[in-house]
Each structure stands twice: as C-alpha cells, then as structure tokens.
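Novice: Below you'll find the structure I mean.
Values quoted throughout were computed directly from the atomic coordinates according to the rules given, and no laboratory measurement underlies them. Since the model is a prediction, treat every value here as computed from it, not as a measurement. Positions of Cβ are backbone-derived with ideal geometry, glycine not excepted, and every protein chain shown enters the neighbour counts.
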Amino acid sequence: MPNWTDINIVAIDVETTGFDPQRDRVIEIGMVEMRGGEVIDRWGQLINPGMPIPRAVRELTGIEQDHVEDKPPFSEFAAEVRSRLEGRCVVAYNLSFDRSFVEAELERCGLTWPEEHKLDPLIFARALMPNLKKKRLGDVAAALGVDLREAHRAMDDAEAAGRVLYAWGDRLPADLDDLLTLQAQWERQQEETHAIRRGRGLSLSMGGDALDEGPIELGPAYIYGDEVDPYRALVRALPDARTKFRPDEEASA
C-alpha cells in the first residue's frame, strides 16, 4: 500500500444532540480533506436536527436552537457527505462515535457509509501517550502542540484530529497497510484491557460458562452484538478461571 502521508484523508467530526445515534441527531458536521499534513479543502454545515438541543449540548458547543432552526436537515447534505467520504481514508477522533451518527443519518436517506480505510487518532493516543492522564482531543492536541481553535465545533475538531495524526508521522509506520495492522492490534489490546477493568466486580468463581448467562455492560464504545466480547473471550481462553486467575495477575493478562 502507499505511504499514508501521500494519500488524501478526510478528517470528520460531528456535534450531536446526544449519544444515541438512533434517537439523537447531528447538529453540525465538519469535514477537512488533507494530504501530507496540508489542508486541501474544508466543508461544514450546521444542521437542523428536527428536535430540541439539550442545554448541556448548547453549553458545550455554543450551538443554540436558533442557530439551526433555519438550517436544512441532514437529508439535504447526505449525498455531499457520502461523496466526500468516498475514495478517501477517513480519520476521526473516537471514530466509532462519529461513524455511528453519520452512518445512521445516511441510512435514513437510503445511503450507506462507504467502506474506505479508517484511522482513529484516539487509538494511537492511548498507545503513544500512556502518561497523558486525559486523552480528550483538546488534551492530546495541546500536548502535541496542535492548535485547536474552538473545541467542540465540528470543523475545528476535525482539522485538529487530522493534525494530531500527522504529528505522529515519525512514530508510526509509513506504509498504510502496516499502519492499519498496527491500529487493529492496538485497538484489540485496548478493548481487552478496558473489558477486564470494567469486569473487576464480576466474580470469576462462577467459571467462564456462567458468563454467557447475561450481557456484560461495556459502554457505548464497546458493542459487539452477537459476537463474543473481549472479556468473555479472555476468560474462556484461561485453562481454569476458578484457580488460575487472581486479581494481582490482571496487569499481565
């Protein structure tokens, strides 16, 4: 594959009315096309969600209800959004959140999220900046010297996400395929670690089979549907969960 810094990426960010992509809606979208760390194009829109914007969201983003009341709904921008995603490597900070909302909005318009390569700087931040206590985009950008002019506004957040990725250029594989492989490995490790930490209160004396009796809550970023979640997979892989897993071994598991 080519060097990832030599291809066009599109960094994307959305602001929303909440956290549920089926119930909540996008109120702002920002898309910044970049190549080699340079901005090629910027595109963004305020969007009428067709529902009230909660006060917490208004305070966080500065987007008031009257800012969007006269704006078009997402359906008027759907084809443009998909066109800007297609044929480009998609970058988003905490990609699963932005993708879930854009994908849901596209599906309501009879469109699909294009299956392009995807990169999430949050995964790299967790791996490359373990000593940074908070991994929010603003914290990571500040630590890397990346300017984030207006946090929680889609265009600025999108551009900052792209620049954060480029800031690690000398610490990441140059080949896109190698970078995607590394990202997948780190993401899997992070999911397993997260699942273990969330499951500390679960008694393993029941054994691995008992874990199938009910769902384990992993939070909105860890939804596996019918697939085995990392925590169950980890416990099933242990020779004897009753005797061989002790709390002091968690760090090495």
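Novice: So what J values fall out for segment 124-134 if you push phi through Karplus, 6.51 cos²θ - 1.76 cosθ + 1.60 with θ = phi - 60°, rounded to Hz, Gly and Pro as x?
Specialist: Per-residue couplings from phi come out as 5, 4, 5, 7, 8, 10, x, 8, 7, 4, 10 Hz.
Novice: Rounded to whole Å, give me the distance from the Cα center of segment 30-46 to that of segment 53-91.
Specialist: Cα centroid to Cα centroid, the span is 15 Å.
Novice: If I stretch the segment between residue 168 and residue 39 completely, what's the gain in nm (0.36 nm per residue apart, minus their alpha carbon distance), one decimal? Could the numbers behind the result be given before it?
Specialist: Details: separation 129, 0.36 × 129 = 46.44 nm, distance 1.69 nm.
Extra length available between residue 168 and residue 39 comes to 44.8 nm.
Novice: Follow-up. Where the only charges are on Cβ atoms (+1 Lys, Arg; -1 Asp, Glu), what is the dipole of segment 4-174 about its Cα centre, to the nearest 20 debye? Mind showing how you got there, number by number?
Specialist: Details: 22 positive and 31 negative charges, 134 e Å.
That gives a dipole near 640 debye.
Novice: At 7 Å along the Cα-to-beta-carbon direction for both residue 112 and residue 60, put a label point, then send me their distance in nm to one decimal.
Specialist: Rounded to a tenth, the inter-label distance reads 3.1 nm.
Novice: Could I ask something else about it? In debye, nearest 20, what is the charge dipole magnitude of segment 1-43 about its Cα centre with +1 on Lys and Arg Cβ and -1 on Asp and Glu Cβ, if you could check? Walk me through the numbers before you get to the answer.
Specialist: Values: 4 positive and 9 negative charges, 16 e Å.
Magnitude of the dipole: close to 80 debye.
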